[in-house]
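Below is one structure; the comments refer to it alone.
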Protein chains: 2
Amino acid sequence: MDREFRILKIKESVFEDNNKDADKLREELKGQGKFLLNLMSSPGAGKTTTLTRTINALKDEINIAIMEADIDSDVDARTISETGVPVIQLHTGGMCHLDADMTRQGIHGLDATDSELIILENVGNLVCPAEFDTGATKNAMILSIPEGDDKPLKYPLMFEICHALIINKIDTLPLFDFDMEAFIERAKKINPDIAIFPISAKTGEGVDAWVDWLRTEVKSYQG
Amino acid sequence: MDREFRILKIKESVFEDNNKDADKLREELKGQGKFLLNLMSSPGAGKTTTLTRTINALKDEINIAIMEADIDSDVDARTISETGVPVIQLHTGGMCHLDADMTRQGIHGLDATDSELIILENVGNLVCPAEFDTGATKNAMILSIPEGDDKPLKYPLMFEICHALIINKIDTLPLFDFDMEAFIERAKKINPDIAIFPISAKTGEGVDAWVDWLRTEVKSYQG
């Protein structure tokens, strides 16, 4: 049976200094042993499908909880609820990103007492979410093949602030004019340390390497 | 030979009431007989390829000029310059959208004295550009098949404010789980009057109907 979930309307933050508040949230989470992953992408790059694969691969060894942020609708939380892990749908009321206080509101609304890994699926947007530190332990982004290989040139900040870059929909490579080598070179030029995972969330190809990276990050965080 | 173009750094607007300023810009453009189309979409939905097809179909009958807005890079202006029409690359310096004053700065920077149709390719983003009236005569958006059929549920404002909806990359329909009927129903529920054009900017399929719509709009605007 699908897990029940609630919808939470996020209030606009009252804090003036988001960076300071994000550092504070990171400390709070560290004290509770909770790893927070901030997952970002364009609309339709495959965040929810990738997330479903990730949850199913890890849920037996790590306690996971999910926050789905969207301007409207509950379609993503409904999909994630099928995995059986705790999930909450956050409605941003038109806001194009989450900041640290909005993320904190989400965590408080979530049934996450035992969670070791909380994943925030941010609003589908390559621009604004890159500008607001959510207090996450690590940032990850998804870029899908149909979006094109020029995106690091156009949205450099997103590539700069992410620790992991998932390249999704590689099963569609034959259909699109996507130069993988040029794309990776552009991403690495902005962020030489970024970990890169070409996957197909649809077929499952490459997902293991991404899951291994995330597992290692969570375990080393827990010490 | 490709047409030369300049890169203009857009300054943040000083106007407090963007809606009022947008109405003013619309009036100014009406006085000059210039139709302004604001073209929006997610990153990688195919704005530039669709634009290239549109320009090549119309440039012999209508004087066209193009404004390419991006946070960084000049890749799109370079592509458009191959069509030979006047083009300017606008750099928003991190800003996620254009408002009316930023659009006006772009028009002033553009060699558009004789232009009857100015097309603004807005920043790739389904959220913020929907919230800021650019002063455009008409708004159009592109949603591409790989993005999924649930987007009207998640980004309703974008679908609400657009006069035309281009559904791009229909050549990839067999590869993706995209329910066209459900998608159109969702879009029409938000905006019953929206004109819908399924196309493949890659193969050219369906582009004629979109171009016909735009031609008719421009001609009827000119009276």
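Every number here is computed from the coordinates shown, using simple stated rules; none is lab data. Just so we're clear, the structure is a prediction, and the values are computed from it rather than from any experiment. Positions of Cβ are backbone-derived with ideal geometry, glycine not excepted, and every protein chain shown enters the neighbour counts.
Under 8 Å for C-alpha pairs, at least 6 residues apart: give me the relative contact order for chain A, rounded to a whole percent. The partial results should precede the final answer.
On the way: 445 pairs, mean separation 55.6, N = 223.
Normalised by residue count, the contact order of chain A is 25 percent.
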Quiz item: Taking a ≥ b ≥ c as the square roots of the eigenvalues of the Cα gyration tensor of the range A:6-218, is the shape rounded (a/c under 1.5), prolate (a/b larger than b/c) or oblate?
Solution: prolate
Practice problem: Summarise the partner chain shielding of B:144-154 as one whole number: the mean count of Cβ atoms from other chains within 10 Å of each residue's Cβ. | Solution: 6
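Can you pull the mean other chain C-beta count within 10 Å for peptide B:71-78? Write out the running numbers ahead of the final one.
On the way: counts 9, 6, 7, 1, 4, 3, 0, 0.
Per-residue shielding by partner chains comes out at 4.
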Quiz item: Expressed as an acute angle from 0 to 90° and rounded to the nearest 10, what is the orientation of the C-alpha long axis of helix A:47-58 relative to the principal long axis of chain A?
Solution: 70 degrees
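Counting helices only, and only those DSSP H runs with n ≥ 4, report the 222 nm mean residue ellipticity of chain A as the sum of -39,500 (n - 2.57) divided by its residues, in deg cm²/dmol to the nearest 500.
Numbers: 8 runs with 80 residues, N = 223.
One gets -10500 deg cm²/dmol as the mean residue ellipticity at 222 nm.
Starting from the Cα gyration tensor of the protein assembly as shown, take the square roots of the eigenvalues, sort them a ≥ b ≥ c, and report rounded, prolate or oblate (rounded when a/c is under 1.5, otherwise prolate if a/b is larger than b/c, else oblate).
Values: a/c = 1.83, a/b = 1.69, b/c = 1.09.
Judged from the Cα gyration tensor, the protein assembly as shown comes out prolate (a/c at least 1.5, a/b above b/c).
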Quiz item: If we hang a label 7 Å off Cα along the beta carbon direction at residue B:113, how far is it from the matching labels on the other copies, in nm, shortest first?
Solution: 7.5
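What does the C-alpha gyration tensor say about the overall shape of the range B:77-167? Classify as rounded when a/c is under 1.5, otherwise prolate if a/b is larger than b/c, or oblate.
Values: a/c = 1.91, a/b = 1.62, b/c = 1.18.
Judged from the Cα gyration tensor, the range B:77-167 comes out prolate (a/c at least 1.5, a/b above b/c).
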Quiz item: Which whole-number percentage describes the relative contact order of the range A:37-117, with Cα contacts under 8 Å and a sequence gap of 6 or more?
Solution: 32 percent
Self-check item: Cysteines not pairable in chain B (beta carbon separation under 4.7 Å absent)
Solution: B:162
Quiz item: So how far, in whole Å, is the C-alpha centre of the range B:139-171 from the one of the range A:139-200?
Solution: 23 Å
Quiz item: Other chains' Cβ within 10 Å of A:125-133 residues: what's the mean?
Solution: 5
Quiz item: By a straight-distance test (C-alpha under 19 Å), which lysines pair with residue B:154 as possible cross-link partners, with residues fewer than eight away in the same chain excluded?
Solution: A:9, A:11, A:47, B:188, B:189
Practice problem: On a 0 to 90° scale, report how tilted helix A:100-109 is relative to the longest principal axis of chain A, with both axes built from alpha carbons and the result rounded to the nearest 10. | Solution: 60 degrees
Quiz item: Which GluC sites (Glu not before Pro) in the range A:1-39 pass both tests, a DSSP loop state and at most 16 other beta-carbon atoms within 10 Å?
Solution: A:4, A:12, A:16
Quiz item: Calculated FRET efficiency, residue A:16 and residue B:7, Cβ-Cβ r, R0 25 Å, to nearest 0.05?
Solution: 0.15
Quiz item: Gap in Å between the Cα centre of the range A:1-51 and the Cα centre of the range B:38-61?
Solution: 36 Å
Self-check item: Cα long-axis angle, helix B:207-222 against chain B (0 to 90 degrees, to the nearest 10)
Solution: 40 degrees
